[in-house]
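Here the structure is laid out as structure tokens; the discussion comes afterwards.
Throughout, read-outs are computed from the coordinates displayed, never taken from laboratory work. Nothing here was measured: the structure is a model prediction, and the numbers come from that model. Please note: Cβ atoms are built from the backbone with ideal geometry, for glycine as well, and neighbour counts cover all protein chains shown.
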Ligand SMILES: NC(=O)c1ccc[n+]([C@@H]2O[C@H](COP(=O)([O-])OP(=O)(O)OC[C@H]3O[C@@H](n4cnc5c(N)ncnc54)[C@H](O)[C@@H]3O)[C@@H](O)[C@H]2O)c1
């Protein structure tokens, strides 16, 4: 019988597991659950007999992939897929997918919540700033960026965006101002919300050159990945500019330094929690399962991320 393994160090909510199980059973397949495992050997053992794998932030290394003798497809229930060794999957003809859009609203709401929090001095009883009429730059206009733009307009922010891979007409339709370069985005907007993926081109790309261009009241919001930030530049900007603020969904490596020196101007969530809502959990888990069923039954490769 076709087996689908759900391997989650940090499990899905039980209601999401129920939904996954229902979809798997209705398709005539068997669900194998590996939750709260503590070392990769458990995953290597569990993957040996299964046809498909659903993961969250779990690491799928070459070693794991090589152990999947019958493995045909891996689906990351979520947006980022930098936790899968795509080259190893491709080399073995295994399809890798993500589930785009399923957790975007959760991340977008967090981004706006973080903007309010940092702009109001981390709720420490001090006078802060409002978001209304401020210029917000959306750095990458994908699923999350688009939703952040939409919510920010409700706050009365002026929304700008930069994404060289998205058709201008998409942003124009959303009534978002388009800038022609990343430098223009940073020199125009006092708030920048990051939504770029972490890849070879973007890692450490948010550097001194860009950050130093930001106008007074510079506030950087990072719900993307910590790796996209050049942390030496970040520390330099904090030292040079007393107006600079940074809020991040996951601590940078220099967290302890920032916490000790820049109270009220820096905050990071203790654990990545952008997608940690019941709704996102259910949406992503069920979407991953449906994508697997559709691939195994109909060969549907929509959302494949390794080609
Ligand atoms: N904090 C969290 O829990 C959480 C949850 C979901 C996603 N994320 C992160 O947020 C990122 C965005 O998520 P998404 O769902 O919007 O992804 P997405 O794939 O829909 O959007 C990414 C966008 O980045 C653009 N892009 C790629 N390279 C670029 C570059 N060099 N310059 C400008 N734009 C570039 C792409 O054109 C695309 O529109 C993910 O890659 C992931 O790392 C974090």
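Figures for the structure shown
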read-out	value
Pairs of Cα atoms farther than 16 Å apart, the stretch 103-166, %	46
Sequence ranges 268-277, 188-197, 215-224, ranked by mean other-Cβ count within 10 angstrom, highest first	188-197, 215-224, 268-277
Rg ratio (alpha-carbon, reference 2.2 N^0.38 Å) - the stretch 1-146	1.34
Residues of the stretch 201-225 with amide N under 18 Å of a point placed 7 Å along Cα→Cβ from residue 124	217-220
Percent of Cα-Cα distances greater than 18 Å, calculated over the stretch 78-188	59
Between 0 and 90°, nearest 10: helix 278-298 axis offset from the chain longest Cα axis	40
Relative contact order (%) - the chain, alpha-carbon pairs under 8 angstrom, separation at least six	19
Length released on extending from residue 183 to residue 132, taking residue separation times 0.36 nm less the Cα-Cα span	16.0 nm
Candidates 34, 43, 136: whichever shows maximal mean-square fluctuation once the chain is modelled as a Gaussian network with Cα springs under 10 Å	34
Peptide ranges 12-18, 257-263 listed from the most packed, as the mean C-beta count within 10 angstrom indicates	12-18, 257-263
Helix-only [θ]222 nm of the chain, DSSP H runs n ≥ 4, -39500 (n - 2.57) each, per residue, nearest 500	-11000 deg cm²/dmol
Alpha carbon convex hull of the chain, volume per residue in cubic angstrom	140
Highest-MSF residue in the chain out of 115, 171, 97 [GNM, Cα springs under 10 Å]	171
Residue 49 versus residue 165: modelled label distance in nm, points set 7 Å from Cα along the beta carbon direction	3.9
Full-extension gain in nm, residue 66 to residue 257, via 0.36 nm per residue minus C-alpha separation	64.7 nm
Candidates 30, 167, 109: whichever shows maximal mean-square fluctuation once the chain is modelled as a Gaussian network with Cα springs under 10 Å	167
Computed E for residue 279/residue 1 - FRET, C-beta separation, R0 45 angstrom, nearest 0.05	0.90
